[in-house]
1. Being in contact (Cβ under 8 Å) with a residue 12 or more places away in the chain and loosely packed, with under 14 Cβ neighbours inside 10 Å is the filter here, so list the residues in the stretch 1-15 that pass it.
2. So, of the residues in the stretch 354-384 that are more than 7 Å from ligand 1 (Cβ to nearest atom) and farther than 21 Å from D315 by Cβ, which turns out to be nearest to the chain's Cα centre (by Cα)?
3. Every residue in the stretch 254-289 that is β-branched (V, I, T) and modelled with pLDDT under 95, please.
4. Select from the stretch 325-348 the residues that are among the hydrophobic types (A, V, I, L, M, F, W, C) and either near ligand 1 (Cβ under 8 Å from one of its atoms) or over 23 Å from the mean Cα position of the chain (by Cα) (or both) and list them in ascending order.
5. Pairs, please: C-beta under 8 Å, at least 6 apart or cross-chain, first residue surrounded by 11 or more Cβ atoms within 10 Å (Cβ to Cβ) and in the stretch 190-207, second assigned to a loop (DSSP other than H, G, I, E, B)?
6. Among (1) at pLDDT 95 or above; (2) out of contact with any strand residue (DSSP E or B) (no Cβ under 6 Å at 6 or more places or on another chain), where does R359 come up short?
7. Take the stretch 100-132 and flag every residue that is within 13 Å of L22 (Cα to Cα) and either part of a helix (DSSP H, G or I) or touching a Lys or Arg at 6+ places or on another chain (Cβ under 6 Å) (or both).
8. What about R359, is it of a type in the set (D, E, K, R) and either surrounded by 15 or more Cβ atoms within 10 Å (Cβ to Cβ) or touching a residue at least 40 places away in the same chain (Cβ under 8 Å) (or both)?
Amino acid sequence: MREKLLVVDDERMILELTSMVLSSRGFDVAVVDNAIDSYDLIERERPALVLLDYMMPKVNGLDALREIRVRFPETYVIMFTGKGSEEVAVELMKAGASDYILKPFSNAKLVERIENVLRIRSIELRNKELVLEQERLLGEIERWNRELEERVKHKSTELERAHHEVLLTEKLASLGHIAAGMAHEIRNPLNSISLFAQVMRASLQDEPEMQSYADKIVSEVERIDAILVKVLSTSKRSPFKLRSIQMGTVIEDSLAAFADQIRLQKIVLHTQLPEQMPSILADADELGQVFSNLFSNALFEMQEGGTLSVSLELDGQEILITVSDTGGGIPEGDLNTIFDPFFTTKERGTGFGLSVVLRIVKSYAGRISVDSQPDQGTTFQIRLPLA
Ligand SMILES: Nc1ncnc2c1ncn2[C@@H]1O[C@H](COP(=O)(O)OP(=O)(O)OP(=O)(O)O)[C@@H](O)[C@H]1O
Ligand SMILES: [Mg+2]
């Protein structure tokens, strides 16, 4: 490639001479007789090198040098200085000149100086490129590192969650047995307590205060019994009735049971339950429990109204069910415990709902995940494999 040079000098002779000499040496030479016009030319042509006369009328060579170096850092400058102005040479070099040539000069000297400066320029520019490239690569490495760290962190929490889930499912299995056994045993003495309390009540005709205590005993016993029935029904494995079922129908049936509550609480209901879905082999009652528990939790969170969204879709070989509410959400710290049996934040809750959901989902080799932001609501996603 022919290097572009620009000669700026007010002496016509110098322009013609240098132009001739340098062209014959293979350079692509432009000339201009004043500094002011040189800027536009440099802007357009981007010469590698400018040969700039120090002594010119109108614009001082030093100012022109500064201007060029600031505006076009990739254009290098060699100054022509006349005899007697050697003392300015230092100043010129400080201002960014790459070299200076004393007039008059020999052609050989001129070419030698130019080639020298061009060599230095190409090394310096290459250096700058390398530095930029290095910075870019370092930035990229840093980004990779960050990405990697993120991924490791993500995988670790995933692993932690999975581990927690495994422990939980094991815990649930044994707990289910114990709970069912205990519930069963407790119901008998409870029944006696209730009976005796009723007998006592009947004999306390004249003592209304005592009677009201007996009533309290009966109603509290009933409450305990209701809890036990719930525990029993959720831990007992009723025999499977595996049938080919439509998930959309199961969801709709579960929702229907909440129709009154939805209306009373002024809940906006969004459902997206496509009719054309592959059916799956499952126990409809059992799956119904999953949705009832999720809906019941969601509606509890939206006593003052809100939106309940339920959608069903096919994702590869899985059925994906999403249940979202716009309730109070779950604090970050509780996210890992909500599936634990007996974990509840409700005064009258048993904390069994979600543990049952998890057990059932697992028994179909499915997965459940939860996403929640405090005050933004909660979204549960269930994935069940088709086969
Ligand atoms: N949609 C939801 N929004 C906010 N918090 C929820 C939601 N679902 C569950 N939770 C939290 O998880 C806890 C456990 O839920 P789970 O259904 O297991 O028990 P519970 O609802 O408290 O009791 P039960 O289901 O026996 O009435 C709840 O007490 C509540 O704090
Ligand atoms: Mg619940």
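1. Initial filter on the stretch 1-15 (in contact (Cβ under 8 Å) with a residue 12 or more places away in the chain): 2-12, 14-15.
Those that are in contact (Cβ under 8 Å) with a residue 12 or more places away in the chain and loosely packed, with under 14 Cβ neighbours inside 10 Å: R2, R12.
2. The residue in question is Q373.
3. Just the residues of the stretch 254-289 that are β-branched (V, I, T), to begin with: 262, 267-268, 271, 280.
Within the stretch 254-289, I280 is the sole residue that qualifies.
4. Step one: of the stretch 325-348, the residues among the hydrophobic types (A, V, I, L, M, F, W, C) are 330, 335, 338-339, 342-343.
Answer for the stretch 325-348, where residues must be among the hydrophobic types (A, V, I, L, M, F, W, C) and either near ligand 1 (Cβ under 8 Å from one of its atoms) or over 23 Å from the mean Cα position of the chain (by Cα) (or both): I330, I338, F339, F342, F343.
5. none
6. All conditions are met except number (1).
7. From the stretch 100-132, those within 13 Å of L22 (Cα to Cα) are 106-115; that's our starting set.
Hits for the stretch 100-132 are N107, A108, K109, L110, V111, E112, R113, I114, E115.
8. Values: of a type in the set (D, E, K, R): yes; either surrounded by 15 or more Cβ atoms within 10 Å (Cβ to Cβ) or touching a residue at least 40 places away in the same chain (Cβ under 8 Å) (or both): yes.
Considered against the rule, which asks whether it is of a type in the set (D, E, K, R) and either surrounded by 15 or more Cβ atoms within 10 Å (Cβ to Cβ) or touching a residue at least 40 places away in the same chain (Cβ under 8 Å) (or both), R359 comes out as yes.
The values are calculated or read from the model by the stated rules, or taken from the named source; none is laboratory data. All values derive from a computational prediction rather than experimental measurement. So basically every Cβ, Gly included, is an ideal-geometry build from the backbone, and we count neighbours across all protein chains shown.
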